């Protein structure tokens, strides 16, 4: 069994380091510590406000977590009652393409299928691909390339098929 003092020192060391997670086994007990919590679905009312845009940038992709679709909410821009909001499962930086010179994964009007990559969210130097959980058409892209995003922030609105 791992003693509490050792565990507290390990947590402090990870907090002070550049590591995101560590798994250790000691005395037959395995412990995994991570700074970034696992992505969980966000289901709730849509937030139609989004922060101002930042300058564009892009990075290469790595495997990640699927995007989250929530119930639709009306918007001042028109009737969006049939649209599903795709929200960010984490805090990070939004990238629309896998590389600076590559075209974006999706644009307004593009048809997407379940499992299609919508964007990349960079969190703590890890590139996380967000995948569509629904089949449909991208009705709105609400963030700019290189913009910081918050947990639960609406990134896209998708009209389901």
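The values are calculated or read from the model by the stated rules, or taken from the named source; none is laboratory data. Bear in mind that the values here come from a model prediction, so they are computed numbers and not experimental data. Note that each Cβ is placed from the backbone with ideal geometry, even for glycine, and that neighbours are counted across all protein chains shown.
The set of residues in the range 84-94 being closer than 12 Å to residue 120 by Cα and either more than 10 Å from the chain's Cα centre (by Cα) or part of a loop (DSSP other than H, G, I, E, B) (or both) consists of 88, 89, 90, 91. Whether any residue in the range 53-73 is under 24 Å from residue 122 (Cα atoms), modelled with pLDDT of 80 or more, touching a strand residue (DSSP E or B) at 6+ places or on another chain (Cβ under 8 Å) and surrounded by 14 or more Cβ atoms within 10 Å (Cβ to Cβ) is what I want to check. No - not one qualifying residue is present in the range 53-73.
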